[in-house]
Structures are given as C-alpha cells and as structure tokens.
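Values in this text are rule-based calculations from the coordinates and carry no lab data. Bear in mind that the values here come from a model prediction, so they are computed numbers and not experimental data. As a convention, Cβ positions derive from the backbone with ideal geometry for all residues, glycine included, and neighbour counts pool all protein chains shown.
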Amino acid sequence: MAVSKQPKDLVVRLRLRSDVGQIPVAVEQVMFVVRQSGCVLGQEIEVELALGEALSNAVVHGNRMDPDKWVHVRCTCDPLEGVSIVVRDEGQGFDPNRVPDATTLAGMRSLPGRGILIMQSYMDEVSFEKGGTEVYMRKDPAVARVGSSRPRSHILSSGSQPLAASGSGELLHRSVA
C-alpha cells in the first residue's frame with residue numbers, strides 16, 4: 001500500500017515601504033511562488049491583477065504613500081485549497097460599505113471602488129478586516145473549477161529564486177526597501 005504525503009503549504013511573507021515603485025517587485029516575488037506552486041494553475045493572471053490592486057490600495061489609500069509606513073503581505077499556496085493572500089497596511093482603515101459601488105453609473109464616474117471591484121471580480125473571496133486595514137483574498141484551485149483530481153506538485157524549481165525556504169515549508173524574504 002502506497003502512502004501519499006500531502007505537500008506542505010508554501011507561505012510567503014514580505015513587507016514593503018509605501019512607495020508605488022515597490023509594488024511591481026512585491027507582486028513579482030509573490031507571483032513567482034504562486035506560479036511555481038501550481039495552486040491556481042491557469043488562473044495566475046487573475047491573482048496577479050488582484051494582488052497589484054490590493055497593494056496599490058494599501059500604499060496609496062491606506063498608508064497615503066508615507067515612507068515611514070509599511071505594507072505587509074502574507075500569501076499561502078496550497079495545491080488543494082488554492083491561494084490566500086492577506087495585505088495589511090498601517091493606515092487609518094476605511095469602511096468598505098461607504099465606497100461607491102463601481103458597477104453603478106454613479107460609481108463608474110468616480111474613482112474610488114474600482115480597485116475593489118477588480119479584486120472582487122478576479123478572486124473567489126474578498127473581505128476587509130481590522131477596520132479596513134487588512135484585505136483578505138482567496139482563489140480556489142483550478143481543479144475546483146474543472147473537476148480534475150489535483151494540480152501538479154508545488155515543489156519549487158531550482159535556479160535564481162528570490163525567496164529562501166525555511167525548514168517548515170515557509171518562504172521568507174527580507175523587507176523590500
């Protein structure tokens with residue numbers, strides 16, 4: 001009888017200064033692991049777009065581009081559960097119920113709410129926690145959509161890898177300064 005061990009979740013944690021120039025660097029580092037994990041095979045671009053919007057909102061609206069404030073990111077990739085991402089800023093927060101609905105005519109004419117609409121359109125779940133300073137996003141694995149048995153293994157390929165693995169299966173990275 002063969003025993004199959006489930007691969008461990010891959011976790012990426014990083015923080016970046018509230019500088020819009022750091023957003024592409026953070027997105028690329030997180031997406032490297034998402035792509036290598038295969039946890040949302042074929043849906044990576046959706047995760048990338050939602051992550052970019054969440055980071056932009058945290059830097060611009062949450063931290064108001066204050067260089068003394070940080071944005072914190074935690075991404076967990078699981079081949080059976082998909083990907084979950086938490087983006088937290090150090091700002092004052094906001095009430096998501098007070099943001100104009102970007103799907104209405106009035107909302108389409110105003111800028112606030114478009115990033116939230118993009119996140120909600122591409123991810124399976126989006127919620128705002130801790131007074132609006134934290135956004136939680138989740139994307140189901142591709143297999144949940146197509147009925148396949150399971151995605152490919154999440155083992156990282158060798159080569160130039162921006163993140164280092166710890167013994168617990170967690171990927172860590174220094175702050176993006």
Quiz prompt | Whole-Hz ³J(HN,Hα) from phi, Karplus 6.51 cos²θ - 1.76 cosθ + 1.60, for segment 51-67, glycine and proline x | solution = 4, x, 5, 4, 5, 4, 4, 5, 5, 7, 8, x, 8, 6, 6, 6, x
Practice problem: May I ask you to derive the FRET efficiency for GLN92 and ASP19 from their Cβ-Cβ distance with R0 = 25 Å, giving the value to the nearest 0.05? | Solution: 0.85
Practice problem: Could you compute the FRET efficiency for ILE45 and GLU81, with r as their C-beta to C-beta distance and R0 at 22 Å, rounded to 0.05? | Solution: 0.65
Quiz prompt | Efficiency of FRET between LYS130 and ARG64 - r from beta-carbon atoms, R0 25 angstrom, step 0.05 | solution = 0.90
